[in-house]
Amino acid sequence: MIYACQLSDLPPGGSLRLTDLPGSPPVAVFHTEDGELFAVDDTCTHADASLAEGFVEDCAVECPLHAAIFDLRTGEADGMIATYPVRTHTVVTSEGQVFLQLSEAIPHLPAAARRAS
């Protein structure tokens, strides 16, 4: 498990971008208005944009660049702009701390992000 943050540092409706994760592209952690926590790869699979900067509604995040939408529960893309899903990661809370178990699946990264990594 990887420490992400204190739960108190991620208010409902907030998001956090985590970089420098071992063997992983950046990850976005979301705390929905309903109090649920989700983590997905932070890079939109359509273009190199941070999903942590996107608009969250219910259990979906809209990419701030071209409005691709990803389900935070499954990572599935809307199929309109983005056709590939983002990886989802397991989020665990313990004593007010947020931890991640990173997925071992291969990430779907746009060409620009693959070149940068």
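Some notes on this structure:
- Total residues in segment 21-30, condition farther than 13 Å from residue 58 by Cβ and either modelled with pLDDT of 95 or more or of a type in the set (Ser, Thr, Tyr) (or both): 5
- The residues of segment 65-83 that are modelled with pLDDT of 95 or more, over 22 Å from residue 8 (Cβ atoms), assigned to a loop (DSSP other than H, G, I, E, B) and of a type outside the set (Gly, Ala, Ser), listed by number, are 73, 74, 76.
A quick yes/no check of all residues on (1) more than 20 Å from residue 18 (Cα to Cα); (2) over 14 Å from the mean Cα position of the chain (by Cα):
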residue: 34; (1), (2): yes, yes
residue: 45; (1), (2): no, no
residue: 62; (1), (2): no, no
residue: 68; (1), (2): yes, no
residue: 78; (1), (2): yes, yes
residue: 83; (1), (2): yes, yes
residue: 90; (1), (2): no, no
residue: 100; (1), (2): no, no
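- Some residue of segment 62-75 being aromatic (Phe, Trp, Tyr) and closer than 14 Å to residue 108 by Cα: yes
- Within segment 2-20, the set of residues being among the aliphatic types (A, V, I, L, M) and over 20 Å from residue 61 (Cβ atoms) comprises just one member, 2.
- Filtering 53, 57, 62 for residues that are under 19 Å from residue 12 (Cβ atoms), buried (at least 16 other Cβ atoms within 10 Å of the Cβ) and acidic (Asp, Glu) leaves a single hit, 62.
- Taken over segment 5-23, the criterion of being in contact (Cβ under 8 Å) with a residue 40 or more places away in the chain and under 12 Å from the mean Cα position of the chain (by Cα) is satisfied by 15, 18.
- Search result, residues across segment 84-117 that are outside any loop (DSSP other than H, G, I, E, B), modelled with pLDDT of 95 or more and either surrounded by fewer than 17 Cβ atoms within 10 Å (Cβ to Cβ) or β-branched (Val, Ile, Thr) (or both): 88, 90, 91, 92, 93, 94, 97, 98, 99, 101
- Residue 26 vs. criteria surrounded by 15 or more Cβ atoms within 10 Å (Cβ to Cβ), in contact (Cβ under 8 Å) with a residue 40 or more places away in the chain and touching a strand residue (DSSP E or B) at 6+ places or on another chain (Cβ under 7 Å): no
The values are calculated or read from the model by the stated rules, or taken from the named source; none is laboratory data. Bear in mind that the values here come from a model prediction, so they are computed numbers and not experimental data. We place every Cβ from the backbone using ideal geometry, glycine too, and count neighbours over all the protein chains shown.
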